[in-house]
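Before any comments, here is the structure.
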Amino acid sequence: MDRANPGARLAQLAERLRGARRVSVLTGAGVSAASGVPTFRGAGGLWRSYRPEDLATPDAFARDPVLLWEWYGWRRETIAGCKPNAAHDVLARWSQRGDATTIVTQNVDDLHVKAGTAGLVRLHGSIWELSCAARCASGVAPWRDERVPMPRLPRCPHCAAPARPAVVWFGEALDDRDLRAALDATACDVFLTVGTSSVVYPAAGLVDQARRRGAFTAEINAEATPATTLVDLAVQGPAELVLPDVDRLL
Ligand code: BV8
């Protein structure tokens, strides 16, 4: 918990949230850590000594789609056993209060969806959706597939080419609609970034966008990040404890 008088910081954040007409929240892997989902850069992020950044790329898939599906299969099996935690639940409740609160996530685990989050913006896609790797006309639109375990190399039901996870890989552009919705969310009174190392772009640029547009900016994270010195208020602590504490003050 934040040592330099954590109560005052939480009270200040709660006061800002109470007075806000529009609140936007960006989440990262840290929000799902308490649910048992390995973070990217934390312990457990490495898979068979591969760095996520080296695997989550179109080249890695082209080189060895079976290896990629083993990695995504492992992550799906891990996530399938996870439930939303208190952080997801608080944000879901905030999102259900009409359109004043927008939740933007980098996570592909869909635990925000499972928690019932309204109007969720999934910047990097979903590990539970697939699309055609050959981008055939009918297979380009993602389809849901929650099978665990997955076949060794899933195929496009339309053209039988290999299927790929419908996630955004490094070096790939984000979906225009999602990016536009995320940029639109930076026009807000309070922009809160929770459980992210703030190093992956364009997501990591959103808090600065919001700050430039006059929003009060805040960070809740277990450790300092490049955003910590940029935001108006930083609270160091676990999201699954800090968010319920803030929520109780609303
Ligand atoms: C693109 C889906 C262009 C796949 C993911 C500008 C500067 C530098 C580099 C770039 C730049 N612009 C673009 C780049 C390149 C690149 C990038 O940002 N590289 C980084 C590594 C430097 N960006 C891209 O490639 C993007 N695409 O730019 O395309 C383009 C444009 C037009 C045409 C063609 C191309 C695409 C980026 C998306 C990649 N896909 N995921 C998959 O999941 O398999 S990113 C993936 O990693 C996640 O989605 C997430 O975004 C990121 C991981 O970050 P976090 O979620 O923050 O997780 P992390 O583990 O790092 O940190 C967790 C934090 O939580 C820690 O700080 C920890 O302390 C904290 N924590 C832990 N427990 C708790 C906690 N906090 C609170 N409570 C707890 N309990």
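Shown here for segment 5-39: trypsin sites (Lys or Arg not before Pro) in loop regions (DSSP other than H, G, I, E, B) with at most 16 other Cβ atoms within 10 Å, namely Arg21, Arg22.
Across the chain, counting alpha-carbon atoms alone, Rg and Dmax equal 18.3, 60 Å. For the chain, the longest principal axis of the alpha carbon atoms and the long axis of helix 86-95 meet at an angle near 80°. Taking other residues whose beta carbon is less than 12 angstrom from the beta carbon of Asp145, and scoring Lys, Arg as +1 and Asp, Glu as -1, yields +3. Rolling a 1.4 Å probe over the protein heavy atoms of segment 94-250, with every protein chain left in place, gives an accessible area that is 51 percent carbon and sulfur.
Of the beta bridges in the chain, as assigned by DSSP with both residues counted there, near 30 percent are antiparallel.
Partnerless cysteines in the chain, where a partner means another cysteine C-beta under 4.7 angstrom, comprise Cys82, Cys188.
Taking the C-alpha atoms only, the angle from helix 6-18 to the longest principal axis of the chain is near 80 degrees.
The values are calculated or read from the model by the stated rules, or taken from the named source; none is laboratory data. Since the structure is predicted, the reported quantities are computational estimates derived from the model, not experimental observations. Note: ideal-geometry Cβ built from the backbone for every residue, glycine included; neighbour counts use all protein chains shown. Protein only, heavy atoms only, side chains kept; ligands, DNA and RNA dropped before computing areas. Shrake-Rupley method; radii C 1.70, N 1.55, O 1.52, S 1.80 Å.
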